[in-house]
1. Of I80, I129, which residue is in contact with a Cys (Cβ under 8 Å, 6 or more places away or on another chain) and surrounded by fewer than 21 Cβ atoms within 10 Å (Cβ to Cβ)?
2. Exactly one of these conditions fails for K366: (1) open to solvent by 40 Å² or more (accessible area, probe 1.4 Å); (2) touching a Gly at 6+ places or on another chain (Cβ under 8 Å). Give me its number.
3. Restricting attention to the stretch 386-414, which residues are at pLDDT below 85 and not small (G, A, S)?
4. Filtering the stretch 418-436 down to residues that are part of a helix (DSSP H, G or I) and open to solvent by 10 Å² or more (accessible area, probe 1.4 Å), which residue is farthest from L356 (Cα to Cα)?
5. How many residues are in a helix (DSSP H, G or I), more than 15 Å from G215 (Cβ to Cβ) and either touching a Gly at 6+ places or on another chain (Cβ under 9 Å) or not aromatic (F, W, Y) (or both) if we restrict to the stretch 162-201?
6. Is there a residue being surrounded by fewer than 22 Cβ atoms within 10 Å (Cβ to Cβ), among the hydroxyl-bearing types (S, T, Y) and part of a helix (DSSP H, G or I) anywhere in the stretch 148-159?
7. Taking only the stretch 160-179 into account, find how many residues are touching a residue at least 24 places away in the same chain (Cβ under 8 Å), open to solvent by less than 10 Å² (accessible area, probe 1.4 Å) and small (G, A, S).
8. Quick check on the stretch 275-297. Is at least one of its residues modelled with pLDDT of 90 or more and open to solvent by less than 30 Å² (accessible area, probe 1.4 Å)?
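The values are calculated or read from the model by the stated rules, or taken from the named source; none is laboratory data. Everything numeric here is computed off the predicted structure, so don't read it as measured data. No Cβ is skipped: glycine too gets one built from the backbone with ideal geometry, and neighbour counts run over all protein chains shown. All accessible areas refer to the heavy atoms of the entire protein, side chains included, with ligands and DNA or RNA removed. Shrake-Rupley method; radii C 1.70, N 1.55, O 1.52, S 1.80 Å.
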Amino acid sequence: MPQNITSKDNHANSELGLEEWPCSQAGIDRALGLATLQWNPGSLGRAIPSGSRLHIQASQIERAEQVPKTEIKLYHRRWIMLFLFSSVSASNAFMWLQYGIISNIFMRFYNIDSFAIDWLGMVYLLTYIPLILPVLWLLKNRGIRDVILVGSAFNCIGAWIKIGSASPNMFLLTFLGQFMCSVGTVFILGIPSYLASVWFGEKEVSTACAIGVVGNQLGIAIGFLVPPILVPNVDDMDELAHHISVMFYITAAVATLLFILVVCVFQERPPLPPTQAQATARSIPSGQYSYTASVLRLLRNRPFILLIITYGLNVGCFYAVGTLLNRIIIEHYPGEEVNAGRIGLTIVIAGMVGSLICGIWLDKTKTYKQTTLAVYFMSLVGMIVFAATLSLGHLWVVFITAGALGFFMTGYLPLGFEFAVELTFPECEGTSSGLLNCSAQVFGIIFTISQGKIIDRFGTLAGNIFLCVFLLIGTVMTGLIKSDLRRQKANMLAKAAAAKQMSGQDYGTTTLISNPQTPPSQA
């Protein structure tokens, strides 16, 4: 590992303009110094100025040039960590939608109104808001393994509580079980970008993040598909209770198995970092890191604030559509509960494909803002087309338009995570993604309640137009985000520094060989 040199400036400050470091000789020299700096924040985490920007003394540069390049390595086990996490995320996401997609059945079973059944989905969104900051503190101080372990435990506990609620008078117990699962999602939802950065190389980090997001989408897809099959709309209440109990037992068994696997298999991080950027992040002493200061720096980062708002608008619309999809479809196609689930499945499967394609595209091109803006605009177009064709009377048309909507709207999820990491590097990836998700939960609650009321009073078309307006606002705001790809620039500068260091060593060796010192002549 390279030796650290203390600087009076904080290279982790989110206001630091990496774009101002040219890849010239002076820029490379600064990069060499940066690779060996300790993180030394001033009050509230702001940089202690010694000039307008980062200043590196000549002695520091000389010492930096003597530091070898940090060893990096990719481990095969990274894929096990990724797919295990994705499975936990899928289990948790399934429980979010297992009520909403057959809401009419549960309304009759528990004898409750539509607003009460909507809260079984919205509790996932509401719980996230007050708990995300403590969870982010835990992530930074205890690590990713403990966070996923706690999230998996809450998911397992909630699933077992639900088993006792398969009775018409047990709505409060089923709500408690759903609440426990919603606590678990706070520990899980923002992990993909953090896990990808800790375990994966720079040429696959966006793809890994996309796979992590796809795990959550897979759970949503199963949540759309399986409940209508396991719980048919039968009249006999005892038979209905049996079907509901079977569904709850299956979900509890899966959640328990995944919890055991997390305990036995999941690891904190690889012994060696996968990238030079991650090596730099590891060099920050934990004792000098201030969680509060990190959040404050992020909240002063204007491009990131714009991304927080636009991400919340887009994903909030997705949450509203997912929660209310059964009501939207049943209004136009009565008795089509199973097809409502299949339409939801189509939305998410198309989104999984979109997520993977976007992740691979980002790894190839690094065009974060352009891709994000294009996908956001197409989400708006997809929502408009979905709203316009819903009442045509042809389910096959709804399947097509819903698939197009899902491809772009849920395909946007990993784009937002990865764009946030680029805008906020070297801040903790979990913190940036957690704030994005917090925004999504806030807008999700607002949009779900508002669209539900609009649908009840004016119909589904007005409710969908309501979402289109906010997607248009989000598209415009996305175009205003300044593209400051700090993580990419850090990797480029580290490579340039290593190349300069290597060329200097080669030059010195060549000089020594071509000009050997002659021993002094004997008297």
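1. Working: I80 fails: in contact with a Cys (Cβ under 8 Å, 6 or more places away or on another chain).
On inspection, the qualifying residue turns out to be I129.
2. The single condition K366 does not satisfy is (2).
3. Within the stretch 386-414, the first condition is being at pLDDT below 85, and the residues that meet it are 391-394, 410-411, 413-414.
The answer is L392, H394, T410, L413, P414.
4. We begin by selecting, within the stretch 418-436, every residue part of a helix (DSSP H, G or I); these are 418-424, 429-436.
With open to solvent by 10 Å² or more (accessible area, probe 1.4 Å) added as a condition, the list becomes 429, 435.
Values: E429: 20, L435: 23 Å.
Filtering the stretch 418-436 for residues that are part of a helix (DSSP H, G or I) and open to solvent by 10 Å² or more (accessible area, probe 1.4 Å), the one farthest from L356 (Cα to Cα) comes out as L435.
5. Of the stretch 162-201, the ones in a helix (DSSP H, G or I) are 162-163, 171-188, 191-199.
With more than 15 Å from G215 (Cβ to Cβ) added as a condition, the list becomes 162-163, 171-183, 186, 197-198.
Filter again for either touching a Gly at 6+ places or on another chain (Cβ under 9 Å) or not aromatic (F, W, Y) (or both), leaving 162-163, 172-174, 176-183, 186, 197-198.
Selection size over the stretch 162-201: 16.
6. Going residue by residue through the stretch 148-159, those that are surrounded by fewer than 22 Cβ atoms within 10 Å (Cβ to Cβ) are 149-150, 153, 157.
After this cut, where a residue has to be among the hydroxyl-bearing types (S, T, Y) as well, the list is none.
Within the stretch 148-159, not a single residue is surrounded by fewer than 22 Cβ atoms within 10 Å (Cβ to Cβ), among the hydroxyl-bearing types (S, T, Y) and part of a helix (DSSP H, G or I).
7. 1
8. Kept after step one, since they are modelled with pLDDT of 90 or more, are these residues of the stretch 275-297: none.
No: zero hits.
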